[in-house]
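Accompanying notes for the structure given below.
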Amino acid sequence: MGLKIAIAGCGKIADAHVEEIRKNHTVKLVAVCDLEPIMAEQLAVRYAIPRWYNDVAAMLEAEQPDVLHITTPPQSHLALTRQAVAAGCHVFLEKPVALRHKDAEAIIAEVVSAGKKLAVNYWPNFEAPSLELRRMFQSGVLGDPVHVESFYGYNLAGEYGTALKRDPDHWVHRMPGKLFQNVLDHVLNKITPFLTDDEPLIEATAYCGEASAANAGAPLLDELRVIIRGSRTSAYATFSSHARPVGHTLRVYGTRNTAHVDYAARTLVLERNQTFPSAVGRLFPPFLVAKDYLRQGLKNVNRFRHARFHFFDGMRQLLSEFYSSIENDSAPPIAYEEILRVSAMMERIFEQVYPEAFV
Amino acid sequence: MKILVTGAGGFLGTHVVERLLAHGYTDIRCFLRERSKAEPLIKLANAYPAASVELSFGNLKSKTDCRRAVENVSAVFHLAAGLKGSAAELFADSVVVSRNLLDALAAHGQEQLKATRVVLISSFGVYGVASLGQGALVDEQTPLERHPEWRDPYSHSKLRQEQLFWEYQKQAGFELVVLRPGVIYGPGGGAFSNRVGLKIGPVFFHLGGSNLLPLAYVVNCAEAIVVAGLHADSAGQAYNVHDDELPTAAQYLRAYKRDVKRIRSLRIPYFVTRLLAGRLESYHRKSEGQLPAIITRYKAAAAWGGNRFSNAKLHSLGWRPIVAAPDAMARTCAYLREHSE
């Protein structure tokens, strides 16, 4: 039998973990755990998982898993990581990594000192267009990065958003960066690979997009704009709850070409320099971009045909790389420095947006 | 007698409070999560000045709020439940909160607990109808679902919730009455139950055909909850709740098109639904979930297999619908017409 996997935390996101773990046929999901036994039971029953627990120590002792997926709110990530590595587990962590940057550092330190491996669920970065962008960048197609724009739309009217707004005690409201902290990893982790600076200049501003976004008396900030300036590359990070359609995009302006990734449509198109002059030159770009979109569309059809077009396909890929890194004792799929840079940037943003949380 | 109504601000909750007041109960604690839903209850309180209608705000996920909710009550009408969202959210909103509430009740002294009447609003979804033949009668003797994980998460969570209440009742000995409403409808409610069909994109796929719809008009349902909930002979019993004159899914859809608004619908015969469900199920399995198995043969049999229904047990307690079916339908259509945009 391959790796034995267990999950701690049986909320909504645990469904995605179960489904993506199961697509990897060399590993086995042996047990799930939640402090709330009803939640552990429902996940185990729905997915016919052999055993469930409401005590993570008991699960780790009885099941001896190789990997623990931690899908609890971030308040418990550090403590659970410590328990996991002490029990000899590698850790796959749901984002956000931790409440505070120092906790993220402690998590990585715990894992490294125990000789274990860790990955964070940065799944959009492992979707096919993201991987293609990475290859493009590494092979020099884009040239040097000049500017990056990362946009993340959020639907507060959706089920999760509605639950957040209804429940002032929701764990998301108890994080220093509140709503933003729950998703900002996905905005910033697309920018950091193009920034070489450890501490770029960061200016952040946030506001409440409309009165109806207020939750139980306390205004919920739901629009965030961040300007980031490194020594050679700048970036804009945008989080918006009100822009429609709810988009998820990345634009990388390079010294040679500009790439545009649409994570919702799963496309990557390249905007190239014009080589023909004047009015004739202006005729070509729309056709070139259209050709790119057509090619991307056909690739997606092909992925669909081969059942590689699931919503969380990036997570499947990331898990596959993570499990391989454990089995082959190779580098994990996400560099720890990358995780820490994202975490550090997030904290600097929250210090500006919610200064009271850092007094 | 102080009566607690959880979910009092909801579609059904307000009507239950109104029926309790109309039946002469004068000490009611309305427990609700959102202050924005308090207005109808305030109106009720004003309409019954001699009664004490206490509004208590909180979240049953909080054990402290649960303890506060059950303080000094001798009857509990538990209506609060998750209606939509992921399976995890439904279990958290229906089952976990129920367990919290039951734990808070269990903290009462044994003597007080035995004298407490607990009324749970369950659902028709708890019945294991998928294996019944077409036209089989669904009454309180129908076996409960044996494979809730094969059904929709709502039915699964409601079954687990009901099981939890029976488990606690056995241990704690309080008086438990379970009401299992069919499709609750009326002003303030939705237009279509899945039993009629599913709207996918711009088209409404009419899947219910000539099946009977177990409709329960919200006022009649609230009346049933109050009558059965506090009846001297109902402890330890479960009751189906639906109106007397039930339309078919096709009749309901026709009335909607005639009295609310025109919609594009496509009638799919049951055998075609089963066939498509089988294909989707098989593709879902083969593709490891690339398309969600929103319809499986099991789900199709449960929703559109076609059953008959009985509310005779409820009638035996003396319940009678307050609003006759044609009037109920007319009021619902008028509301839906007004809110159709």
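Once fully extended, how much extra length lies between B:Lys84 and B:His147, figured as 0.36 nm per residue of separation less the alpha-carbon to alpha-carbon distance? Taking B:Lys84 through B:His147 to full extension adds about 20.7 nm, to one decimal.
Kirkwood analysis of chain A, using all unique Cα-Cα pairs, places the hydrodynamic radius at 21.6 Å. Stretched out straight at 0.36 nm per residue, the stretch from A:Ala48 to A:Glu61 would grow longer than its current Cα-Cα span by 2.6 nm. Summarising the label geometry, the points placed 7 Å from Cα in the beta-carbon direction at A:Leu131 and A:Lys28 lie 2.7 nm from one another. Database remark: amide H of A:Gly209 closer than 5 angstrom to the amide H of A:Asp222, A:Glu223 (H placed geometrically; neighbours at sequence offset of 5 or more, or on other chains; Pro and chain starts carry no H). Panel note: the C-alpha atoms of segment B:1-160, placed on their principal axes, show extents of 52, 33, 32 Å (largest first). Looking at the P(r) of chain B, how many percent of alpha-carbon pairs lie beyond 27 Å? Above the 27 Å cut-off, chain B has 46 percent of its Cα pairs.
In this simple spin-label approximation, A:Glu321 and B:Glu338 carry label points 7 Å from Cα along the Cα→Cβ vector, and these lie 5.7 nm apart.
Listed values for segment A:143-155 are Karplus-derived 3J(HN,Hα) couplings in whole Hz (6.51 cos²θ - 1.76 cosθ + 1.60, θ = phi - 60°), namely x, 7, x, 9, 8, 10, 10, 10, 10, 9, x, 9, 9, and x replaces Gly and Pro. In chain B, the longest principal axis of the Cα atoms and the axis of helix B:13-22 are about 50 degrees apart. For segment A:4-120, what Kirkwood radius comes out of the mean inverse Cα-Cα distance, in Å? Roughly 13.9 Å, rounded to one decimal. On the beta carbon distance between A:Phe304 and B:Ser62, with R0 = 30 Å, the FRET formula returns roughly 0.10.
This ranking places B:Trp304, A:Trp171, B:Trp319 by how few other beta-carbon atoms lie within 10 Å of each, fewest first, which gives A:Trp171, B:Trp319, B:Trp304. Distance between the 7 Å Cα→Cβ label points at B:Gln251 and A:Arg272: 6.7 nm. Computed per residue of chain A from DSSP H runs no shorter than four, each worth -39500 (n - 2.57), the mean residue ellipticity at 222 nm is -13000 deg cm²/dmol. Less than 5 angstrom separates the built amide H of B:Gln237 from those of B:Val178, all sequence-distant by 5 or more or on a different chain. For the protein assembly as shown, with equal point scatterers placed on the C-alpha atoms only and solvent neglected, what are the log10 I(q)/I(0) values from the Debye formula at q = 0.05 1/Å, to two decimals? Scattering profile of the protein assembly as shown, log10 relative to I(0): -0.29. In percent, rounded to a whole number, the relative contact order of segment A:67-175 is 21, using alpha-carbon pairs under 8 Å and six or more apart. A Förster radius of 45 Å, combined with the Cβ-Cβ distance separating A:Leu294 from A:Ser330, puts the computed FRET efficiency at roughly 0.75.
Derived scalar couplings between HN and Hα for segment A:238-250 equal 10, 10, 9, 9, 10, 5, 10, x, 5, x, 8, 9, 9 Hz in order, rounded to whole Hz, by the Karplus curve 6.51 cos²θ - 1.76 cosθ + 1.60 (θ = phi - 60°), x for Gly and Pro. When +1 charges are put on Lys and Arg Cβ atoms and -1 charges on Asp and Glu Cβ atoms, the dipole computed for segment A:213-332 relative to its Cα centre reaches about 580 debye. Based on C-alpha pairs under 8 angstrom that are at least 6 apart in sequence, segment A:4-120 has a relative contact order of 23 percent. Principal-axis analysis of the Cα atoms of chain B puts helix B:249-259 at an angle of about 80° to the longest axis. Once the C-beta distance of B:Ala232 and B:Ser131 is scaled by a Förster radius of 25 Å, the resulting FRET efficiency is 0.10 to the nearest 0.05. Beyond 14 Å, what share of the Cα-Cα pairs of segment A:1-72 remains, rounded to the nearest whole percent? Every Cα pair in segment A:1-72 considered, those over 14 Å come to 50 percent. Computed from backbone phi with θ = phi - 60° and the Karplus coefficients 6.51, -1.76 and 1.60, the 3J(HN,Hα) list for segment B:276-290 is 5, 4, x, 5, 4, 4, 5, 5, 4, 5, 5, 8, 6, x, 4 Hz; x is used for glycine and proline.
Read-outs throughout are calculated quantities, based only on the coordinates presented, and are distinct from any laboratory measurement. Keep in mind that what you see is a predicted model, and the values were worked out from it rather than measured. Glycine gets a Cβ as well: all are built from the backbone with ideal geometry, and neighbour counts include every protein chain shown.
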